[in-house]
Amino acid sequence: MTQNDLVTQDLVLAGWSIVLALVQLGLAGIGKRMQEPRSWGAGPRDDVMSYSGRTARLIRAQSNLMETLPMFLGAVAIAHLAGRNGSLSVLGAELYLAGRVIYVPLYWFGVPYVRTLVWLVATLGLCLVLTDCLS
């Protein structure tokens, strides 16, 4: 068994989902630094900052990802470890990652309705991975 046999397509997609989380963390951080006074960023940050506009949207989009990412990673890990990962879990991982990637600019630009549909696609992807590991 080679190392490539151990890394399945759904695990690779899970890894890219973590990359997406890091990108979103960075985008939200940049937005925050642009709205904060320098003295606040250099200090103890005891006071709560209020963010607005696109920065606030980036923060909410990041928070939204963090709500589902642990479940997604757990479902992929369970499916992989149980040997139940197959075409359904790969499709689910693809839908999850694609939906989460598309969700970021839709949220950033404040696009209603379509953003919700894209979120539903990503959530469907998570459910497909779960279906594969629980069947």
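Rounded, prolate or oblate: pick one for the range 59-135, where a ≥ b ≥ c are the square roots of the eigenvalues of its C-alpha gyration tensor, a/c under 1.5 means rounded, and failing that, prolate if a/b is larger than b/c, else oblate.
Cα axes put the range 59-135 in the prolate bin.
Based on DSSP H runs of at least 4 residues, each adding -39500 (n - 2.57), what is the mean residue ellipticity at 222 nm of the chain after dividing by all its residues, to the nearest 500 deg cm²/dmol?
-27000 deg cm²/dmol
Grab the Cα-Cα distance for Ala77 and Ser135, subtract it from 0.36 nm times how many residues apart they are, and report the gain in nm with one decimal.
Difference between extended and current length: 19.4 nm.
Between Ser63 and Val111, with labels modelled 7 Å along Cα→Cβ, what's the label distance in nm to one decimal, could you check?
2.3
Send over a whole-number figure in Å² for the accessible area per residue of the chain, probe 1.4 Å.
Accessible area per residue, the chain: 59 Å².
Can you give the charge dipole size of the chain about its Cα centre, rounded to the nearest 20 debye, using +1 on the beta carbon of Lys and Arg and -1 on the beta carbon of Asp and Glu?
Dipole magnitude for the chain comes out near 520 debye.
Accessible surface of Ile78 in the full protein assembly, 1.4 angstrom probe, to the nearest 10 Å²?
90
Probe radius 1.4 Å, ligands and nucleic acids ignored: give me the carbon and sulfur share of the accessible area of the range 1-110 as a rounded percent.
Carbon with sulfur: 64 percent of the solvent-accessible area.
If the viscosity is 0.692 mPa s and the temperature 37 °C, what translational diffusion coefficient in µm²/s does Stokes-Einstein give for the chain when Rh comes from Kirkwood over Cα pairs?
204
The values are calculated or read from the model by the stated rules, or taken from the named source; none is laboratory data. Not measured: the values here are computed from a predicted model. Every residue, glycine as well, gets a Cβ built from its backbone with ideal geometry; the counts of neighbours run over all protein chains shown. Only protein heavy atoms, including side chains, enter the accessible area calculation; ligands, DNA and RNA are left aside. Shrake-Rupley method; radii C 1.70, N 1.55, O 1.52, S 1.80 Å.
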